[in-house]
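A short write-up of the structure that comes next.
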Amino acid sequence: MFNIKKNKNKIDEKTLLETLRKISHPVKEQDIVSLEMVQGLKLDGDHVTFALEIIPAEANEMEAVRRRADEALLALDGINRVTSVLTAERPAGNTQSAPQPKAAHKSSMPHGVTHGPAKKIAGVKHVIAVASGKGGVGKSTTSVNLALALQATGLKTGVFDIDIYGPSIPRLLGTEGTRPESLDGGKITPVFSHGLASMSIGYLLEKDTATIWRGPMVMGAIQQMLRDVKWDLEGELDVLVVDLPPGTGDAQLTLVQTVDLDGAVIVSTPQDIALIDARKGLDMFAKTNTKVLGLIENMSYFLCPSCGERSDIFGHGGARETAAEKNIPFLGEIPLHMDIRESSDAGTPIVSKTPDSPHAQAYLEIARKIREQLS
Ligand code: ADP
């Protein structure tokens, strides 16, 4: 998926295409350029990105072709990094331009990737996943602030953004545009900010190329990231917070099964619909025998910044009730507040920006409850 080596020289796109023309389709006896399988070829300095358009049934064979293409490009003087993915046509009728979590299930699941027993992530003691039944409930905002709060309790912490449909951790941590560095042995370094180690597909792809991840091979990329990030660059991490993609489809299920998790946290708003989705999340974790560390109610209530009056805009307390009903811990409530949104958008999450604020304290309280469960 991403390959890095070290040396520098000039090169142009024509050379790249000529190189890729030497790679043949294993059955069709034509090269991958003539077959118009190479999409979105882009050269940025010493970094090549492209997608290989395939039909899902070919995923096994084409993964090997993709690797051969990467190797051929890396053999060129002046190419130090190659980011490639296998991608498949969206199902007919799906004309939305945004990547669709639902489209990434079953038929488009990677055939070439085996989901063996859950893997330990090297350099990390505990792994917790942050999940949500649907997008927009504040899952990523919670992941980042929770990671910072866990750090504030004295744990060495990292954030791993595998929200392939909309990696937002770089924006939240103010690290957009940062590139991980390569190390000997094919490892890449996490990015450090606010004291947190972080890794995101957002660091590896240009902003607008993220859409190619709607293809079937996203799992391959994630598995490579699971293997190749040197999380313990500055010492072993006590805890890694994994920001899952929203939803409870096969893609999420596979991710949960791929990583050896200590447990999962589910973020929900109080609205009924979000809670119904959160229940699906609970079912998914039950099916995979993943411990649910608890439920967080985000945007729980509104505290008026000028008069201090509290309003329960979305109705309040639904997550607490669901938690009681399902017999899982209720971890806490985070208010809907302008400071939380503004600090996130500015890349200085509230727990880092104003650790003494009541909002930051709410995250800290939750972090303490999670920490207790880890030890
Ligand atoms: P998700 O990861 O679930 O898609 P995000 O974390 O990206 O959601 O949050 C969606 C939007 O809601 C962002 O603009 C974020 O700043 C905002 N947001 C999240 N939680 C809160 C909160 N408690 N108060 C105010 N805004 C919030």
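The values are calculated or read from the model by the stated rules, or taken from the named source; none is laboratory data. Here the structure is a predicted model, which is why all the values come from computation and not from measurement. A quick note on method: Cβ atoms are made from the backbone with ideal geometry, for glycine too, and the neighbour counts reach across all protein chains shown. We work out accessible area using only protein heavy atoms, side chains counted, and drop any ligands, DNA or RNA first. Shrake-Rupley method; radii C 1.70, N 1.55, O 1.52, S 1.80 Å.
What is the percent carbon and sulfur in the accessible area of the range 41-85, measuring with a 1.4 Å probe over the protein chains and ignoring ligands? Of the solvent-accessible surface of the range 41-85, carbon and sulfur hold 51 percent. Please report how far the C-alpha centroid of the range 304-375 lies from that of the range 39-61, rounded to the nearest whole angstrom. Using only Cα atoms to place each centre, the spacing works out to 41 Å. Using a 1.4 Å probe, how large is the accessible area of M338, given in Å² and rounded to the nearest 10? For M338, the solvent-accessible surface is approximately 100 Å². Ligands, DNA and RNA aside, R21 has an accessible area near 120 Å² when probed at 1.4 Å. Near S132: Cβ cut-off under 9 Å, other residues only, Lys/Arg at +1 and Asp/Glu at -1. The net charge is +1. Relative to the current alpha-carbon distance between E234 and E36, full extension at 0.36 nm per residue lengthens the span by 66.9 nm. Taking 0.36 nm per residue of separation and subtracting the current Cα-Cα distance, fully stretching the chain between K120 and A57 would add 19.7 nm.
Close amide H partners of V130, meaning residues 5 or more places away or on another chain with modelled amide H under 5 Å apart, are V242, D243, L244, V265.
Extending 7 Å from the Cα toward the beta-carbon at both D184 and R341 defines two label points whose distance is 5.1 nm.
Sorting H359, H194 on solvent-accessible area from highest to lowest, probe radius 1.4 Å, gives H194, H359. Phi angles of the range 352-359 translate, via the Karplus equation with coefficients 6.51, -1.76, 1.60 and θ = phi - 60°, into HN-Hα couplings of 7, 6, 10, x, 8, 5, x, 5 Hz per residue; Gly and Pro are given as x. Check the straight Cα-Cα distances from K353 and name the aspartates and glutamates below 16 Å, setting aside those fewer than 8 residues away within the same chain. Straight-distance partners of K353: D339, E342, D345. The candidates T141, T83, arranged from most to least accessible area with a 1.4 Å probe in the full protein assembly, appear as T141, T83. Legend: residues M299, M284, sorted from most to least accessible area (1.4 Å probe; ligands, DNA and RNA excluded), read M299, M284. Taking H as built 1.01 Å from N, whose amide H comes closer than 5 Å to the amide H of D260, not counting residues under 5 places away? Those lying under 5 Å, H to H, from D260 are K119, K120, I121. Loop-located GluC sites (Glu not before Pro) in the range 271-368 (DSSP state not H, G, I, E or B) with no more than 16 neighbouring Cβ atoms inside 10 Å: E309. Extent of the range 228-375 along its three principal axes (Cα atoms, max minus min coordinate, largest first): 48, 40, 27 Å.
For the residue pairs K156/K230; K120/K326; K134/K187; K120/K187; K156/K369; K125/K291, the alpha carbons lie more than 22 Å apart in K120/K326; K134/K187. Report the extension gain between E365 and K287 in nm, rounded to one decimal, defined as 0.36 nm multiplied by the number of residues separating them, less their alpha carbon distance. So the extension gain works out to 25.2 nm.
Packing-based ranking of 31-37, 11-17 yields 31-37, 11-17, ordered from highest to lowest mean Cβ neighbour count within 10 Å.
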